[in-house]
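K.L.:
Input: one structure, supplied below.
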Amino acid sequence: MKNIIQLIKFRTQTLIHEEKAVTAVEYGLIAAATAVAIIVALGSIKTSLASIFQSIATAL
């Protein structure tokens, strides 16, 4: 078990020191933040969209 933990620590430190891995992590964080922003934006306009479609359905 101790060897597995040491291996994980070594791999993590290696990834931190590699520039490509750091760049990939940064892009991953940007993608995650963008996804959260989209979800929040869609959640806030959901009610207004529902009322618009409801008024269209009523008009038909």
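Bear in mind that the values in this text are calculations on the coordinates, not laboratory data. This one's a predicted model, so the numbers in the text were calculated from it and none came from an experiment.
K.L.:
Would you mind calculating the gained length between R11 and I38 on full extension (0.36 nm times residue separation, minus the Cα-Cα distance), in nm to one decimal?
P.N.:
Length gained, R11 through I38: 6.4 nm.
K.L.:
Can you list the HN-Hα couplings for segment 35-46, worked out from phi with the Karplus curve (6.51, -1.76, 1.60; θ = phi - 60°), rounded to whole Hz and with x for Gly and Pro?
P.N.:
Each residue of segment 35-46 in turn: 4, 5, 4, 5, 4, 5, 5, 5, x, 6, 9, 4 Hz.
K.L.:
Now for a separate question. Go through (i) 46, 14, 7; (ii) 49, 17, 6; (iii) 48, 14, 7 and flag the label whose value is the computed semi-axes √(5λ) of the Cα gyration tensor in Å for this structure.
P.N.:
Calculated semi-axes √(5λ) of the Cα gyration tensor in Å: the matching label is (iii).
K.L.:
Rounding to the nearest 10 and keeping the result within 0 to 90°, find how far the Cα-based axis of helix 2-17 lies from the longest principal axis of the chain.
P.N.:
The angle comes out at about 70 degrees.
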